[in-house]
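Only one structure is covered here, and it is reproduced in the block below.
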Amino acid sequence: MSSDPSKRPWRRIRESLDTYEPEALATRLRDLLAPLQPVRSGADAFRRGMLKLLKNQVQDLLRATLGPWYTESGLPLGNENLGGYCWCHSFFNQNPTPNLDVDANIRLMLEALERIRKYLYALDALFEAARERFLAARGDKGLQATVLAEALVQTVDLTAAETYCEEAWYQVAESAMDWCLDSLDVRLGESTQELMGTLFVFESWVTPPPGALRASAQRVAEAALNDEVKP
């Protein structure tokens, strides 16, 4: 968990969420995927060379046009934890019957992107509510620690629910906890960073035990406020 503001991008992520324009993106995707419009069926309908080239171009377009919520969140289209989209099986290559319709494929991409944004918006609402309580408790370090601990627990719970605790879901949770701290302007000292790495150890396919998660969050919150790095 870095205390370097340049490595804690939550502000950039949240401020970029509202800049997304799905209709404009759909238009650009439609233009890019125009070579597939005439395709209907047959042996040549699905040339892997063409699909690979267009997939790469779509990925480049997304990186170039979407903001930090896409490029800095670690949740691009096709990530394994959130969005429900797979470049191998969703991009004109669905099973058992590939869907070659351009608009249908664009719709799949936009729906997956919206699920990612929905998760980030949910985090933002959680963080803002916690920030309000955290600031109201200024001067009472014990109460602030309780607020921070609860925010960390809610962050992990939300992430576990949205990712269904699938393979390596904890990587998303770790980033989200970083963002939680960032949103509260809590900068961790080295010892608390090490404590987080020791206490917050999650497993794929396993929901964190509520009691253990809450106890770990409380320990980390108390340590964070006593070990905090001042700006």
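The values are calculated or read from the model by the stated rules, or taken from the named source; none is laboratory data. Everything quoted here is computed from the prediction, not taken from an experiment. Here Cβ is always computed from backbone atoms with ideal geometry, including for glycine, and neighbour counts include all displayed protein chains. Please note that ligands, DNA and RNA were not included when accessible areas were found on the heavy atoms of the full protein model with its side chains. Shrake-Rupley method; radii C 1.70, N 1.55, O 1.52, S 1.80 Å.
Yes or no: Thr163 polar (S, T, N, Q) and under 17 Å from Ala217 (Cβ atoms)?
Numbers: polar (S, T, N, Q): yes; under 17 Å from Ala217 (Cβ atoms): no.
Criteria not met by Thr163.
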**Request:** Would you be able to tell me the number of residues in region 122-140 that are open to solvent by less than 60 Å² (accessible area, probe 1.4 Å), over 18 Å from Ala224 (Cβ atoms) and of a type in the set (A, V, I, L, M)?
**Result:** 3
**Message:** Quick check on my filter: what residues within region 206-225 are surrounded by fewer than 21 Cβ atoms within 10 Å (Cβ to Cβ) and more than 24 Å from Tyr121 (Cα to Cα)?
**Reply:** Val206, Pro209, Gly211, Ala212, Ala215, Gln218, Arg219, Glu222, Ala223, Leu225
**Complete:** Pairing a residue in region 206-220 that is within 18 Å of Ala161 (Cβ to Cβ) with any residue that is part of a helix (DSSP H, G or I) and small (Gly, Ala, Ser), where Cβ atoms lie under 6 Å and the two sit 6 or more apart in sequence or on different chains, gives Thr207/Ala160; Ala217/Ala149
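For region 187-196, state whether one or more residues are within 27 Å of Ser16 (Cβ to Cβ), aliphatic (A, V, I, L, M), open to solvent by less than 40 Å² (accessible area, probe 1.4 Å) and not in a loop (DSSP other than H, G, I, E, B).
Kept after step one, since they are within 27 Å of Ser16 (Cβ to Cβ), are these residues of region 187-196: 187-188, 193, 196.
Okay, now just the ones that are also aliphatic (A, V, I, L, M), so 188, 196.
Filter once more, keeping what is open to solvent by less than 40 Å² (accessible area, probe 1.4 Å): 188, 196.
Checking which are not in a loop (DSSP other than H, G, I, E, B) leaves us with 196.
Among the residues of region 187-196, at least one is within 27 Å of Ser16 (Cβ to Cβ), aliphatic (A, V, I, L, M), open to solvent by less than 40 Å² (accessible area, probe 1.4 Å) and not in a loop (DSSP other than H, G, I, E, B), which makes the answer yes.
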**Message:** Checking the structure you have, find out if any residue of region 84-98 is modelled with pLDDT of 95 or more and over 25 Å from Trp169 (Cα atoms).
**Reply:** no
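Pick from region 72-121 the residues that are among the hydroxyl-bearing types (Ser, Thr, Tyr) and surrounded by fewer than 19 Cβ atoms within 10 Å (Cβ to Cβ): which of them is nearest to the chain's Cα centre (by Cα)? I'd like the intermediate steps shown before the answer.
Residues of region 72-121 among the hydroxyl-bearing types (Ser, Thr, Tyr): 73, 85, 90, 97, 119, 121.
The next check asks that each one be surrounded by fewer than 19 Cβ atoms within 10 Å (Cβ to Cβ); those that pass are 97, 121.
On the way: Thr97: 30, Tyr121: 10 Å.
If we take residues in region 72-121 being among the hydroxyl-bearing types (Ser, Thr, Tyr) and surrounded by fewer than 19 Cβ atoms within 10 Å (Cβ to Cβ), then Tyr121 is nearest to the chain's Cα centre (by Cα).
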